[in-house]
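These notes are about the structure you will find just below.
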Amino acid sequence: MKKLVKWFLRLGVLGLVLAGGALFTAWYLYARDLPDVETLRDVQLQVPLRVLSADGQLISVFGEKRRIPVAVEDMPEQLKLAFIAGEDARFYEHPGVDYQGLTRAVITLATTGEKSVGGSTITQMLARNFFLTLDKTYERKIREIFLALKIERSFSKDEILELFLNKILLGHRAYGVGAAAEVYYGRRVEDLTLAQCAMIAALPKAPSRINPITSPERALERRDYVLSRMRELGHIDEAAYRQALAEPDNAFYHGASIEVSAPYVAEMARVSALAELGNAAYTGGYVVHTTIDGRLQTAANDAVRDGLEAYDRRHGYRGPEAQLDLAANDGPEQWQAGLAPYRPLAGLMPGLVTEADESLALVYLKDGQTAALNLEQVAWAKKFISRNRWGTAPEAVNEVLAPGDVIRLRRSEEGVWQLSQLPDVEGALVSVSPQDGAIRALVGGYDYARSKYNRITQSRRQPGSSFKPFLYSAALENGYTTATLINDAPIVFEDTELERTWKPQNFSEKFFGPTRMREAMVNSRNLVSIRMLRDVGLAATVDHITRFGFAEEELPANLSMALGTATLHPLAMARGYSVFANGGHLVEPYFISRIDDASGNPVYFADPALSCDDCMEEEPADAGETDAAFVATEPSYRRLNPEATASDSAPVLEPPPARYAPRVISEQNAYLVRSMMNDVVKRGTARKAMELGRTDLAGKTGTTNDQVDAWFSGYNSDLVTSVWVGFDDQEELGRNEVGGRAALPIWMQFMAQALQDQPDAPPDVPAGIVQARINPETGLLAALDARGGIMEVFEAGHMPDMETSTGGVDRDGASEENPYDIY
């Protein structure tokens, strides 16, 4: 017996020696060069780029991985317990390696030869995810064990759990529980139910194959297993288990929870962040704070959409997007397949007409609903013939719709479906703060999904008469007054080199004779603008207009400039009008206020120049350095510390000191031009804007030859907004589609929302402005005993002469003997 005991003792000692040797050999071969687990403290999880509005609402997310880091103390207890129950029941008991689980894995391997049951703990899985490959080899498993032991000596259990739950892949590009909650349920982790927590905890085994979207039945089985383990371990009671087990799973794919739709701004921000930060922009957890006002952006989206669809309805129904052959026994499955190529755009739902008669049409919608359209809901759909011709109003529904038609419907605010169509016209809107150039709203087209072409920053179009205020400002600078008479009469230019004659006309094709400058602005008289430009001179006018930020090469070197033939970005027009709105300072548009790193520390600040009447101003930049496209796509940042990173040692950046915009025109000049544009709104080509019930609005319509482009740019002291409508291929808009009809309603709808909480505040009259009574027929100061005088505003020292007779003034010298000026 003693010999047997000695034999067992010797065998035990030998086993211990062999085991120790094996452990030393394993350590020597695999553990000596293990990575430093302390690097986990500084780990930078790959977090996508987020773009926010000025009021903190999400505009967009960019990056391959969706991750929303969540601190362990902010995770619901039932979510943590669900993972522990499903993955590592003894997590809070073992030292990083669960010897019981490891023993079971070894026995399974010895008896079956299978390596599928790995016995890995959460700590081991963390080590594998951060430091090792996913290869199923003995070498990797041994290194994983040693790493897990090292991690447990350096980190608390909660720190390990937080790293694991934020790192792990959970399917559909969701990394970490924060992203998984949003992807599958559209919720934050704290809002998950017990059943949803269990479902997310069920995903680590095979997230790509077994998840509630790809394989809902298998995922549900795995969820129920996690719930049963939670009950067995005492984490939940029987009632909670039964309730969670009975809860149906309603998971479906949720994109990022976009709170403000501003896709054109999002793309501008992405390009700018990539230029400034490199590829780290997509993974470093940076947050781009834009200047976009969420409420104003929503109003801009609605205004552009409604305005373009209203234009489209005026010109008739172009017919269905497609015609499908329907079989008699077709049903929802076949209809859905037919609608597969079509997706909702700008709120317009694709639908398939399944039945139609004189009084009613049934439409199967892509979202599975069925809508019934009567004659009232299709009454606008006169047949489109051309931009200037359309048919009569339909008298029956089946005159418009037929079975097999693929059409678009929009749901009204009252919940009624209406026939609609995707407009083929395009439009754009940009709204800027004149005080510092911050872009408050930007819409680059009808729908970004249809066209990513940003018409605010990439499109150059002729502004037509909306360019005239800059010309009038130049004239005031060169001796004109608001009462100066200019002859509105035919004018002919002979061009011997081109062997042609240019005979510009007013839009009305009428002539009104001597006209005061104010009335010429109010009624948008083309011939007055041409005479004024010719009198002031091209060189002097161009020199003045470049002060508004336009590059000289953008401006035509001929008299056609008076009619707005320059090709400009809409953003450049908004910048130019900002000079009038703020009293004479040139501000540069920008849309990014700052960029923060993943820790919330700012790494970039915008450095806008502020409009300030009583501050020291900077020298104006050369006009050639202020191209609107550059300003819009590559905003100017002040990188106060280019080496700043998210590390704790990096200094926190401070906003740059204020700097002030240069004065480019006098305050008096800006006020006089605004006074004339105020009359454009009160009684001129934009008088429809008086429906807004405000007295502080000023602006100018613009229409180019053959109604190719329609514009309205207008403002008050707080906001400058430019709207353009037209076709990308320069097609004509159609008869009477002028700026006041096609663009102004969009501007009005937007400004009604944008200014609804702002007081009606006409600008203060600056020093150096005087009022005087004039004779409206001559533009001269009215004699003391004259009747019929009107009040006019002037810059002090630049007033007309006192009237001494009833004769008028004609700066061009036209006479009855020579009614046409020929040059």
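The values are calculated or read from the model by the stated rules, or taken from the named source; none is laboratory data. The model shown is predicted, which means the values in this text are computed figures rather than measured ones. All Cβ positions, even for glycine, are placed from backbone atoms using ideal geometry, and neighbour counts span all protein chains on display. When the accessible area is computed, the model is the full protein with side chains, heavy atoms only, and any ligands, DNA or RNA have been set aside. Shrake-Rupley method; radii C 1.70, N 1.55, O 1.52, S 1.80 Å.
The residues of the range 536-559 that are assigned to a helix (DSSP H, G or I) and either touching a strand residue (DSSP E or B) at 6+ places or on another chain (Cβ under 8 Å) or β-branched (Val, Ile, Thr) (or both), listed by number, are VAL536, THR541, VAL542, ILE545, THR546, GLU554, LEU559. Annotation note: Cβ proximity below 7 Å between a residue of the range 48-63 that is among the charged types (D, E, K, R) and a residue that is open to solvent by 40 Å² or more (accessible area, probe 1.4 Å) (sequence gap 6+ or interchain) occurs for ARG50/VAL61; ASP55/ASP293.
Residue-wise test of (1) at pLDDT 95 or above; (2) touching a helix residue (DSSP H, G or I) at 6+ places or on another chain (Cβ under 7 Å).
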| position | (1), (2) |
| --- | --- |
| ARG305 | yes, no |
| TYR311 | yes, yes |
| HIS315 | yes, no |
| ALA322 | yes, no |
| PRO332 | no, no |
| LEU345 | no, no |
| LEU348 | yes, no |
| GLY351 | yes, no |
| LEU360 | yes, yes |
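For the range 248-277, residues that are touching a residue at least 40 places away in the same chain (Cβ under 8 Å), in a loop (DSSP other than H, G, I, E, B) and open to solvent by 30 Å² or more (accessible area, probe 1.4 Å) total 10. Residues that are open to solvent by 50 Å² or more (accessible area, probe 1.4 Å), assigned to a helix (DSSP H, G or I) and in contact (Cβ under 8 Å) with a residue 12 or more places away in the chain within the range 168-197 comprise just one, GLU190.
For the range 344-353, check the following and say yes or no: at least one residue is within 26 Å of GLY734 (Cβ to Cβ), part of a strand (DSSP E or B) and open to solvent by 70 Å² or more (accessible area, probe 1.4 Å). Spell out how you get there, then give the answer.
Applying the first criterion (within 26 Å of GLY734 (Cβ to Cβ)) to the range 344-353 yields 345-348.
After this cut, where a residue has to be part of a strand (DSSP E or B) as well, the list is 345, 348.
Now narrow it down to the ones that are open to solvent by 70 Å² or more (accessible area, probe 1.4 Å): none.
No - not one qualifying residue is present in the range 344-353.
Among the criteria (1) more than 30 Å from LEU755 (Cα to Cα); (2) open to solvent by less than 50 Å² (accessible area, probe 1.4 Å), the one LEU308 does not fulfil is (1).
Among the residues of the range 369-387, just one is of a type in the set (Ser, Thr, Tyr) and surrounded by 13 or more Cβ atoms within 10 Å (Cβ to Cβ), namely THR370.
Scanning the range 594-614 for residues that are open to solvent by 40 Å² or more (accessible area, probe 1.4 Å) and either assigned to a loop (DSSP other than H, G, I, E, B) or not basic (Lys, Arg) (or both) turns up ALA598, SER599, GLY600, ASN601, LEU610, ASP613, ASP614. Inspection of the range 35-49 identifies at least one residue that is at pLDDT 70 or above and under 18 Å from THR290 (Cα atoms). Within the range 513-531, the residues that satisfy the criterion of being in a helix (DSSP H, G or I) and either closer than 21 Å to ILE790 by Cβ or among the β-branched types (Val, Ile, Thr) (or both) are MET517, ARG518, GLU519, ALA520, MET521, VAL522, VAL528, ILE530. The residues on offer are ILE145, ILE200, and the sole one that is part of a helix (DSSP H, G or I) and at pLDDT 95 or above is ILE200.
Considering the range 214-243 alone, what residues qualify as being open to solvent by less than 60 Å² (accessible area, probe 1.4 Å) and part of a helix (DSSP H, G or I)? Within the range 214-243, ALA219, ARG222, ARG223, ASP224, VAL226, LEU227, SER228, ARG229, MET230, ALA240, TYR241 qualify.
Could you say whether any residue in the range 334-342 is under 26 Å from PRO745 (Cα atoms), out of contact with any Asp or Glu (no Cβ under 8 Å at 6 or more places or on another chain) and surrounded by 15 or more Cβ atoms within 10 Å (Cβ to Cβ)? No, the range 334-342 contains no residue that is under 26 Å from PRO745 (Cα atoms), out of contact with any Asp or Glu (no Cβ under 8 Å at 6 or more places or on another chain) and surrounded by 15 or more Cβ atoms within 10 Å (Cβ to Cβ).
Note on the range 560-584: among residues that are more than 22 Å from ARG663 (Cβ to Cβ) and touching a strand residue (DSSP E or B) at 6+ places or on another chain (Cβ under 9 Å), the one that is most open to solvent (accessible area, probe 1.4 Å) is THR567. Mind listing whichever residues of the range 527-556 are within 22 Å of ASN506 (Cβ to Cβ), open to solvent by 20 Å² or more (accessible area, probe 1.4 Å) and of a type in the set (Lys, Arg)? ARG534 - this is the single residue of the range 527-556 that is within 22 Å of ASN506 (Cβ to Cβ), open to solvent by 20 Å² or more (accessible area, probe 1.4 Å) and of a type in the set (Lys, Arg). Taking the range 681-798 as the region of interest, the strands (runs of 3 or more DSSP E) fully inside it that hold 1 or more residues being touching a residue at least 40 places away in the same chain (Cβ under 8 Å), open to solvent by 50 Å² or more (accessible area, probe 1.4 Å) and in contact with a helix residue (DSSP H, G or I) (Cβ under 9 Å, 6 or more places away or on another chain) are 790-795. Counting only strands (runs of 3 or more DSSP E) wholly contained in the range 401-512, the ones carrying 3 or more residues that are open to solvent by 40 Å² or more (accessible area, probe 1.4 Å) and not small (Gly, Ala, Ser) occupy 500-502. For beta carbons closer than 6 Å, sequence separation of 6+ or different chains, a first residue in the range 370-383 that is touching a residue at least 40 places away in the same chain (Cβ under 8 Å) and a second that is among the charged types (D, E, K, R) and open to solvent by 50 Å² or more (accessible area, probe 1.4 Å), the qualifying pairs are TRP380/ARG313. So, in the range 122-142, of the ones that are within 47 Å of the chain's Cα centre (by Cα) and open to solvent by 50 Å² or more (accessible area, probe 1.4 Å), which residue ends up modelled with the highest pLDDT? Per the stated criteria, the residue is ASN129. Note on the range 311-326: among residues that are part of a helix (DSSP H, G or I) and open to solvent by 20 Å² or more (accessible area, probe 1.4 Å), the one that is nearest to GLN46 (Cα to Cα) is ARG313.
Is the range 806-822 home to any residue that is at pLDDT 90 or above, surrounded by 12 or more Cβ atoms within 10 Å (Cβ to Cβ) and not in a loop (DSSP other than H, G, I, E, B)?
Of the residues in the range 806-822, the ones at pLDDT 90 or above are none.
No, the range 806-822 has no match at all.
Annotation for the range 542-564: at least one member residue is out of contact with any helix residue (DSSP H, G or I) (no Cβ under 6 Å at 6 or more places or on another chain), under 22 Å from ASP706 (Cα atoms) and hydroxyl-bearing (Ser, Thr, Tyr).
Looking across the range 279-301, the residues that are out of contact with any helix residue (DSSP H, G or I) (no Cβ under 7 Å at 6 or more places or on another chain), in a helix (DSSP H, G or I) and surrounded by fewer than 24 Cβ atoms within 10 Å (Cβ to Cβ) come down to ASN279, ALA280, TYR282, GLY294, ARG295, THR298, ASN301.
When residues of the range 558-587 are filtered for being more than 26 Å from the chain's Cα centre (by Cα) and among the hydrophobic types (A, V, I, L, M, F, W, C), how many remain?
Filtering the range 558-587 down to residues more than 26 Å from the chain's Cα centre (by Cα) leaves 558-566, 580, 583-585.
After this cut, where a residue has to be among the hydrophobic types (A, V, I, L, M, F, W, C) as well, the list is 559, 561-563, 566, 580.
The qualifying residues number 6.
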